[in-house]
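Just below is one structure, and these are the notes that go with it.
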Amino acid sequence: MTPFDAAHWTREAESWAALSATPDRDNPLWPIYAPLISAKAEGRGMVIGQIGQTLDGRVATEGGRGEVINGAAAIVHLHRLRALVDAVVIGVGTALADDPRLTVRNTSGQSPARVILDPTGRLNDAALCLVADGARRIVVTTVDRSFGNGVETIRHAGPELVPAAILETLVRQGFDRVLIEGGPKTLSRFLAAGALDRLHVMIAPIILGSGQPGVQLPTAVSIAGAIKPATASYVLPEGDVLFDCDLRRP
Ligand SMILES: NC(=O)c1ccc[n+]([C@@H]2O[C@H](COP(=O)([O-])OP(=O)(O)OC[C@H]3O[C@@H](n4cnc5c(N)ncnc54)[C@H](OP(=O)(O)O)[C@@H]3O)[C@@H](O)[C@H]2O)c1
């Protein structure tokens, strides 16, 4: 496991802009971001999921709204992921509960397009992720709904939005590298469909004992049948541990 102390993380943050633009194998952060940076440099697609959770696998308190589970360095990490992708995807549950902006603010880099999966048109017109700020904003839905203010809607046949079909749509829009940022239902559907190349699980050293669960898949019949990705782990300054899972390399 690779530990990053606070000074190290900050120092690396200073060189982040250079790293995100130019491969640098000597930078200790390189292994974490190399898959996305290399995919971009080589024009390859990549779908990465991320989730922040407690030691007991909770992503939020029951009915929790926008309270962050992980520490500041983990948020920097999440913003770095956003800066490396073409589009960030969330489900409408997260948009309604947390009202995230989904922009790059805690690091340098350009904000990706924002994509909200809203099959039945529950999204509020005033949601912060729909604010016009230069980034494309796209709602994928199965109903006839428009938002104005330059927000694009893409209609799919319902009732389910099929992950592979969503990704095909995004590629057609020019989005080859995609971050599935949550919440747990959205992430679980992409994971269950085998639609993720990588998964970043950020574990905070806290125990909630109740609250909303993280990834949930169809009932497992054996431990032997579990997904066992090749995984590297990194300790962040506040004690969060990042598990970087390569789902294409069991
Ligand atoms: N810790 C973290 O990293 C993190 C990240 C994000 C969110 N959260 C927390 O997670 C909670 C929200 O969880 P959630 O699982 O409800 O959020 P979510 O995954 O953002 O939203 C789920 C909803 O999105 C729609 N959806 C997503 N994928 C779909 C698909 N393939 N087909 C059809 N509909 C799809 C459905 O909407 P309909 O219900 O309208 O059908 C579904 O109920 C909040 O408390 C938030 O704070 C935590």
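The values are calculated or read from the model by the stated rules, or taken from the named source; none is laboratory data. Bear in mind the structure is a predicted one, so any value in this text is a computation, not a measurement. A quick note on method: Cβ atoms are made from the backbone with ideal geometry, for glycine too, and the neighbour counts reach across all protein chains shown. For the accessible areas, the whole protein counts, side chains as well, though only heavy atoms, and no ligand, DNA or RNA atoms are used. Shrake-Rupley method; radii C 1.70, N 1.55, O 1.52, S 1.80 Å.
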Residues being within 8 Å of the ligand (Cβ to nearest atom), small (G, A, S) and farther than 21 Å from A165 by Cα: count how many of those fall in segment 183-217.
1
Could you please find all residues in segment 96-113 being in a loop (DSSP other than H, G, I, E, B) and either farther than 13 Å from E181 by Cβ or open to solvent by 10 Å² or more (accessible area, probe 1.4 Å) (or both)?
D99, P100, R101, T103, V104, R105, N106, T107, S108, G109, Q110, S111
Answer yes or no as to whether G52 is within 9 Å of the ligand (Cβ to nearest atom), modelled with pLDDT of 95 or more and under 26 Å from G239 (Cα atoms).
yes
What are the residues in segment 182-234 that are touching a residue at least 60 places away in the same chain (Cβ under 8 Å), more than 16 Å from D98 (Cβ to Cβ), in contact with a Ser or Thr (Cβ under 8 Å, 6 or more places away or on another chain) and open to solvent by 60 Å² or more (accessible area, probe 1.4 Å), if any?
I206, I207, L208, S210
Output the residues belonging to segment 114-131 that are open to solvent by less than 10 Å² (accessible area, probe 1.4 Å) and either under 18 Å from P163 (Cβ atoms) or in a loop (DSSP other than H, G, I, E, B) (or both).
R114, V115, I116, D118, L123, A127
Which of the residues spanning segment 40-62 are open to solvent by 40 Å² or more (accessible area, probe 1.4 Å) and in contact with a helix residue (DSSP H, G or I) (Cβ under 8 Å, 6 or more places away or on another chain)?
K40, R44, G45
Breaking point among (1) away from the ligand (no atom under 12 Å from the Cβ); (2) surrounded by 21 or more Cβ atoms within 10 Å (Cβ to Cβ), for L179
(1)
With the structure loaded, tell me whether L29 is away from the ligand (no atom under 16 Å from the Cβ) and surrounded by 20 or more Cβ atoms within 10 Å (Cβ to Cβ) or whether it fails that test.
yes
V76: at pLDDT 95 or above and β-branched (V, I, T), yes or no?
no
Quick one: how many residues across segment 137-156 are surrounded by fewer than 18 Cβ atoms within 10 Å (Cβ to Cβ) and either at pLDDT below 95 or within 11 Å of the ligand (Cβ to nearest atom) (or both)?
7
Name the single residue, out of those in segment 83-95 being more than 8 Å from the ligand (Cβ to nearest atom) and out of contact with any Asp or Glu (no Cβ under 8 Å at 6 or more places or on another chain), that is farthest from D176 (Cα to Cα).
A83
Tell me, which residue of segment 17-26 that is free of Cβ contacts under 8 Å to residues at least 24 places away in the same chain and either part of a helix (DSSP H, G or I) or under 13 Å from R80 (Cβ atoms) (or both) is most open to solvent (accessible area, probe 1.4 Å)?
A21
Set G134, G64: member being in a loop (DSSP other than H, G, I, E, B), more than 16 Å from the ligand (Cβ to nearest atom) and touching a residue at least 12 places away in the same chain (Cβ under 8 Å):
G134
Filter result (in a loop (DSSP other than H, G, I, E, B) and either among the basic types (K, R) or within 16 Å of the chain's Cα centre (by Cα) (or both)) within segment 137-146:
R145
Give the residues of segment 67-82 that are away from the ligand (no atom under 11 Å from the Cβ), among the hydrophobic types (A, V, I, L, M, F, W, C) and open to solvent by less than 20 Å² (accessible area, probe 1.4 Å), sorted by residue number.
A73, L81
Please state which one of P229, P237 is touching a helix residue (DSSP H, G or I) at 6+ places or on another chain (Cβ under 7 Å), over 22 Å from G91 (Cβ atoms) and more than 16 Å from the ligand (Cβ to nearest atom).
P237
